[in-house]
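The values are calculated or read from the model by the stated rules, or taken from the named source; none is laboratory data. Just so it is clear, the structure is predicted and the values come from calculations on it, not from any experiment. Positions of Cβ are generated from backbone atoms using ideal geometry, with glycine treated the same way; all protein chains shown enter the neighbour counts. Side chains included, ligands, DNA and RNA excluded: accessible areas come from the protein's heavy atoms. Shrake-Rupley method; radii C 1.70, N 1.55, O 1.52, S 1.80 Å.
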Number of protein chains: 2
Amino acid sequence: MQDLDVYHRTESFYEDFLECRQLLAPFFGAQRLPLLLTASGSGAMEAAVTNFTNRDDSVLVVVGGKFGERWLKLCQAFGCKIKVLNVAWGNAPTPDEVTKQAEGTRAVFFQANETSTGAFFPVEGICRSLRSSGYNGTIVVDAISALCAHPIAMDNWGIDCVVSGSQKGFGVPPGLAFVGLSERADSLFSTRERFYFDLRLELKGQAGGRSAFTPAISLILGLKTALHAMHQGGGIQAVFDHHLRLATAARASCYAMNLKLFAEHCPSNALTAMTVPAGIDGSQLLKSILQNDDAILAGGQDELKGKIVRLAHLGFIDRLDLVSGIAALEFGLQAKGHKFELGAGVAAAMAILK
Amino acid sequence: MQDLDVYHRTESFYEDFLECRQLLAPFFGAQRLPLLLTASGSGAMEAAVTNFTNRDDSVLVVVGGKFGERWLKLCQAFGCKIKVLNVAWGNAPTPDEVTKQAEGTRAVFFQANETSTGAFFPVEGICRSLRSSGYNGTIVVDAISALCAHPIAMDNWGIDCVVSGSQKGFGVPPGLAFVGLSERADSLFSTRERFYFDLRLELKGQAGGRSAFTPAISLILGLKTALHAMHQGGGIQAVFDHHLRLATAARASCYAMNLKLFAEHCPSNALTAMTVPAGIDGSQLLKSILQNDDAILAGGQDELKGKIVRLAHLGFIDRLDLVSGIAALEFGLQAKGHKFELGAGVAAAMAILK
């Protein structure tokens, strides 16, 4: 009845829905349009596990942080036979390691970007190595925090399933998850029971812009706006360039603040994790930054609790946001007695962001 | 970094989250605070099935419309042994029928409000009859479109699980689902595999305002605002009274337009389904209303396609919205040649809404 309301069972909304799928596809590097689900990113991860494995199927899970552990817990919850490739937190697996362990498994699960450590895994190298070794199983990549910060080329690299979400690179509030699928995915589906996350059902309905269940209308309309903004101007290459520039600046600031880069061999373009100097408690540092400057930086979790700070530069974060975040960190470090030249981090970042 | 952003891992957001749970509880009639899930209502329905049944468990499903069919499909997908109590669309089951069929089952699934037909099921009578017969299984009620329109008293009536969602009575965009649980629910949980919809996990975290997975932040903040509005003024009894008044007006308008009430023996306070007169195609009627007045009324689905129109009066719909919806229907009916006095429906409604 109300003009401001949007009803999702209308031709006009089906068009909005399809437009989102079309504008998302280049970020997945996929011909096939990604599916939209009303869920957190973890819902899409569950969809990948339940749609591509049966109980007792052998799978390989790469665990190099909290989100690798999430793949592990999911595969455990759904009764897969699991080989785990453990990677020291802050490091990335090599293509060789993954390929060797993957042999004989039905599916391989790993992160593109391990948000908990700031490490970016060599997705292209891993996938090319797997496929050139003859691996014919399902390759599933969690790119929840990677899309927009790093180019992903599902079709070229031979990835079967990429999961992502609204609230990281796309800068939309959380509540929408995305699932990109390869052309051959239809022949890879398992027979396991599923309902809310049944991707075959969604493929059918979403071809016409119709989700099986009531979609998160407001988030989809927000996503459409965000995607149009990203496709304008320099297009999606400009989005990748922007993230690389911010990441390069954040890394330069890290060294200039006399800190060590945590994932120094494989730093992500989505966030930068820095090692908190010995003698300073990272959790206390973040608390003081929040109190003094109302700025939120993330800390480490579990074994990294108190040991790293994580500075995000993903989504609609611009160079001034990054500079102010670095400044907040500098003020906090100085208050805790860390030795460095106040302003050096900001200056180093600005030299790159100019 | 940005002051306008809200981060969900903060004390302030945990408080907002808990406040939503507390303000929701009276609508469930439950001491235990309802859980919030990031999903459509169907996600909460899946949670009820997977958390309270194991494969091969015997269950009773009441099917009196599209949403009864959804319970059925869910229980089929997850391998339950199903007894179906079929109810003619537009009717409601009797407490006796349900109680007789429920014997020996682990769980009973039914709707409070069957949105596809506009029928309200006698939830209190069914539950009291089940419990006084000694039924000790899990009673699960889909109240997605019932909450706010009808009082539900989980604890008093002996319901174990009530599912609902943000976008119906609460007037918030879709994307949040709610699950109310009885005190004894802990002893009813099944052992079936689950992860994203693991209610035990959510009970633990949400006690402190922490959802297991990233919540739909913007929808939760919207919900908080909506719930405060509903608790103000006359409180939640005023919300129920408001819906009853609108429903009574809609029913009066139905007769005044010379139409038949579809679910005449058990009409819902959330919406009113009216039978389209013989010789008029309901789908064409709704199309002409959309074209002429940009007003959306819902039609019938499946066996009811073209045969009913459904007028919603749920959530933040006020009396002027209802009057304008009835007027749109009157214009449409007149254009299709239906015999009645133009304006009679609106007048009959206004006499009640005054």
Which of the following residues is within 14 Å of chain A (Cβ to nearest Cβ), buried (at least 23 other Cβ atoms within 10 Å of the Cβ) and over 20 Å from the mean Cα position of the chain (by Cα): B:Thr38, B:Thr53, B:Thr99, B:Thr10?
B:Thr53
Inside segment A:40-85, the number of residues satisfying the requirement of being at positive phi and aliphatic (A, V, I, L, M) is 0
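The rows are residues; the columns are (1) surrounded by fewer than 16 Cβ atoms within 10 Å (Cβ to Cβ); (2) closer than 17 Å to B:Ala149 by Cα.
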residue: B:Ala229; (1), (2): yes, yes
residue: B:Gln232; (1), (2): yes, yes
residue: B:Gly235; (1), (2): yes, yes
residue: B:Phe240; (1), (2): no, yes
residue: B:His243; (1), (2): no, yes
residue: B:Leu246; (1), (2): no, yes
residue: B:Lys260; (1), (2): yes, no
residue: B:Cys266; (1), (2): no, yes
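Across segment B:183-199, what is the number of residues that are more than 12 Å from chain A (Cβ to nearest Cβ) and either closer than 19 Å to A:Phe195 by Cα or not small (Gly, Ala, Ser) (or both)?
Summing the residues that are more than 12 Å from chain A (Cβ to nearest Cβ) and either closer than 19 Å to A:Phe195 by Cα or not small (Gly, Ala, Ser) (or both) in segment B:183-199 gives 7.
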Scanning segment B:85-109 for residues that are assigned to a strand (DSSP E or B) and in contact (Cβ under 8 Å) with a residue 24 or more places away in the chain gives B:Leu85, B:Ala107, B:Val108, B:Phe109
Top-ranked residue in segment A:147-181 [being farther than 21 Å from A:Ser211 by Cβ and more than 15 Å from the chain's Cα centre (by Cα); ranked as farthest from the other protein chains (Cβ to nearest Cβ)]
A:Asn156
From the options A:Ala77, A:Ala88, A:Ala48, residue that is more than 9 Å from every other protein chain (Cβ to nearest Cβ), within 30 Å of A:Phe262 (Cβ to Cβ) and touching a Phe, Trp or Tyr at 6+ places or on another chain (Cβ under 8 Å)
A:Ala48
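For segment B:107-120, check the following and say yes or no: at least one residue is farther than 29 Å from B:Leu244 by Cα, touching a helix residue (DSSP H, G or I) at 6+ places or on another chain (Cβ under 9 Å) and either surrounded by 24 or more Cβ atoms within 10 Å (Cβ to Cβ) or within 14 Å of chain A (Cβ to nearest Cβ) (or both).
In the first step, residues of segment B:107-120 are kept if they are farther than 29 Å from B:Leu244 by Cα; the result is B:107.
The next check asks that each one be touching a helix residue (DSSP H, G or I) at 6+ places or on another chain (Cβ under 9 Å); those that pass are B:107.
Imposing the further condition that a residue be either surrounded by 24 or more Cβ atoms within 10 Å (Cβ to Cβ) or within 14 Å of chain A (Cβ to nearest Cβ) (or both) reduces the set to B:107.
Scanning segment B:107-120, I find at least one residue that is farther than 29 Å from B:Leu244 by Cα, touching a helix residue (DSSP H, G or I) at 6+ places or on another chain (Cβ under 9 Å) and either surrounded by 24 or more Cβ atoms within 10 Å (Cβ to Cβ) or within 14 Å of chain A (Cβ to nearest Cβ) (or both), so the answer is yes.
Is there a residue being within 13 Å of chain A (Cβ to nearest Cβ) and more than 26 Å from A:Thr38 (Cα to Cα) anywhere in segment B:56-71? Before the answer, list the steps.
Keep residues of segment B:56-71 that are within 13 Å of chain A (Cβ to nearest Cβ), which gives B:56, B:66-67, B:69-71.
Adding the requirement that they be more than 26 Å from A:Thr38 (Cα to Cα) leaves B:56.
Yes, there is a match, as at least one residue in segment B:56-71 is within 13 Å of chain A (Cβ to nearest Cβ) and more than 26 Å from A:Thr38 (Cα to Cα).
If we scan segment A:233-256, do we find a residue that is aliphatic (A, V, I, L, M) and outside any helix (DSSP H, G or I)? Give the steps one after another, and end with the answer.
From segment A:233-256, those aliphatic (A, V, I, L, M) are A:236, A:238-239, A:244, A:246-247, A:249-250, A:252, A:256; that's our starting set.
Then keep just the ones that are outside any helix (DSSP H, G or I); that gives none.
The answer is no, given that none of the residues of segment A:233-256 is aliphatic (A, V, I, L, M) and outside any helix (DSSP H, G or I).
Have a look at B:Gln22, B:Gln31 and point out the one that is of a type outside the set (D, E, K, R), modelled with pLDDT of 95 or more, farther than 13 Å from B:Ala216 by Cα and in a loop (DSSP other than H, G, I, E, B). Can you show your working first?
Numbers: B:Gln22 fails: in a loop (DSSP other than H, G, I, E, B).
After applying the criteria, what remains is B:Gln31.
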B:Ala335 touching a residue at least 24 places away in the same chain (Cβ under 8 Å), over 19 Å from B:His243 (Cα atoms) and surrounded by fewer than 22 Cβ atoms within 10 Å (Cβ to Cβ):
yes
Being surrounded by fewer than 20 Cβ atoms within 10 Å (Cβ to Cβ) and not in a helix (DSSP H, G or I) narrows B:Phe213, B:Phe189, B:Phe178, B:Phe170 down to just B:Phe189
Restricting attention to segment B:305-321, does a residue exist that is touching a residue at least 60 places away in the same chain (Cβ under 8 Å), in a helix (DSSP H, G or I) and away from every other protein chain (no Cβ under 12 Å)?
no
Residues that are at pLDDT 95 or above, under 26 Å from B:Phe109 (Cα atoms) and more than 14 Å from chain A (Cβ to nearest Cβ): does segment B:219-227 have at least one?
no
Between residues in segment B:225-250 that are more than 22 Å from B:Met274 (Cα to Cα) and residues that are at pLDDT below 95 and open to solvent by 40 Å² or more (accessible area, probe 1.4 Å), which pairs lie under 6 Å by C-beta distance while being six or more apart or on different chains?
B:Ala226/B:Gly171
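Only one of A:Leu33, A:Leu18 is away from chain B (no Cβ under 13 Å) and closer than 23 Å to B:Asp294 by Cα. Can you tell me which? I'd like the intermediate steps shown before the answer.
Working: A:Leu33 fails: closer than 23 Å to B:Asp294 by Cα.
Answer to the check: A:Leu18.
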Of A:Arg194, A:Arg200, A:Arg128, which residue is open to solvent by 10 Å² or more (accessible area, probe 1.4 Å), farther than 30 Å from B:Val49 by Cβ and of a type in the set (Lys, Arg)?
A:Arg128
Checking A:Val140 against (1) farther than 23 Å from A:Asp56 by Cβ; (2) not in a helix (DSSP H, G or I), which test does it fail?
(1)
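Hey, among A:Ala351, A:Ala270, A:Ala335, which residue is out of contact with any Leu (no Cβ under 9 Å at 6 or more places or on another chain) and away from every other protein chain (no Cβ under 12 Å)?
Working: A:Ala270 fails: out of contact with any Leu (no Cβ under 9 Å at 6 or more places or on another chain); A:Ala335 fails: out of contact with any Leu (no Cβ under 9 Å at 6 or more places or on another chain).
Testing whether each residue is out of contact with any Leu (no Cβ under 9 Å at 6 or more places or on another chain) and away from every other protein chain (no Cβ under 12 Å) leaves just A:Ala351.
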Among the residues of segment B:204-214, are any closer than 27 Å to B:Leu311 by Cβ and at pLDDT 95 or above?
no
Condition first: in contact with a strand residue (DSSP E or B) (Cβ under 9 Å, 6 or more places away or on another chain), under 24 Å from A:Phe121 (Cα atoms) and in a helix (DSSP H, G or I). Can you find one or more residues in segment A:270-288 that meet it?
no
